[in-house]
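Presented below is the structure to which this report refers.
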Amino acid sequence: MKIICIGRNYSEHARELNNPLPSKPVFFMKPDSSLLINNKPFFLPAFSKEIHYEAEIVLKISRLGKNIQSQFAHRYYNAVGLGIDFTARDLQEVCKKAGHPWEIAKSFDQSAVVNRFVSVDTLPDILAINFRLDINERTVQQGNTKDMIFSFNEIIAYVSRFITLKTGDMIFTGTPAGVGPVKAGDHLVGFIEQQVFLDFCIR
Ligand code: ZN
């Protein structure tokens, strides 16, 4: 199982981090050891002073595929969930400046939070999914997948040119504006439409 994450897929988020808008999807990966499931607490790691939350819609791949054409990409995922792409923003800034890979900032243990998934046909509109993240009962991020620069199908087509997608793989599809730091004691609750998908604490 692998986790593929799309960066800079919402223009307002790219702007808030002073990143140029991409002309092709930007992606990176997290190992299976980065998964944090079942609403278990996230433990702040010692190596960073600035862990940021990034709430994202996550696709669950349901078929083996390579070189998938965009018009057929919808056949390759069958479930959608909400995830947090935890990012050591301080380490990421150092990596970006040095032109180094991002793994220490993006792929550490517990950096990929997911909980439950629902079948795509239970959602009112797969092209316009509303999602949000509340921290300590205050909404910090609110997104709609219609604002993505690259759609689910374009992402699957692009990634599968380079990497074979397998059943059970997950794709984090990018975060909207509003990212920020977490601190010990924070309570994170994530929603798709009006349903709770994530509910966990920072320790
Ligand atoms: Zn992200």
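Of note:
- Accessible solvent surface per residue of the stretch 145-203, calculated while the other protein chains remain in place, 1.4 angstrom probe, Å²: 40 Å²
- Residues whose amide H falls under 5 Å from that of residue 8, counting only those 5 or more places apart or on a different chain, are 175, with hydrogens built in the peptide plane.
- Solvent exposure of the stretch 82-137 amounts to 47 Å² per residue of accessible area, where only protein heavy atoms count and the probe is 1.4 Å.
- Note on the chain: the C-alpha convex hull projects to 10.3 nm² when averaged across all orientations.
- Signed unit charges on C-beta, dipole axis of the stretch 100-203, positive-most listed residue 153, 179, 117: 179
- Carbon + sulfur, % of accessible area of the stretch 157-202 - ligands and nucleic acids excluded, 1.4 Å: 57 percent
- The apolar share of the surface of the stretch 1-40, taken as the fraction of accessible area on carbon and sulfur atoms (1.4 Å probe, ligands and nucleic acids excluded), comes to 49 percent.
- 3J(HN,Hα) from dihedral phi, the stretch 111-116, Karplus parametrisation 6.51/-1.76/1.60, rounded to Hz, x for glycine, proline: 7, 10, 9, 9, 9, 9
- Averaged over residues, the count of other Cβ atoms within 10 Å places the peptides 24-32, 73-81 in the sequence 73-81, 24-32, highest first.
- The calculated 222 nm mean residue ellipticity attributable to helices in the chain amounts to -4000 deg cm²/dmol, summing -39500 (n - 2.57) over DSSP H runs of n ≥ 4 and dividing by all residues.
- In this structure residue 17 has an accessible area near 40 Å², from a 1.4 Å probe over the protein heavy atoms.
The values are calculated or read from the model by the stated rules, or taken from the named source; none is laboratory data. Here the structure is a predicted model, which is why all the values come from computation and not from measurement. Cβ coordinates were reconstructed from backbone atoms using ideal geometry, including for glycine residues, and neighbour counts include every protein chain displayed. What goes into the accessible areas is simple: the full protein's heavy atoms, side chains included, and nothing from ligands, DNA or RNA. Shrake-Rupley method; radii C 1.70, N 1.55, O 1.52, S 1.80 Å.
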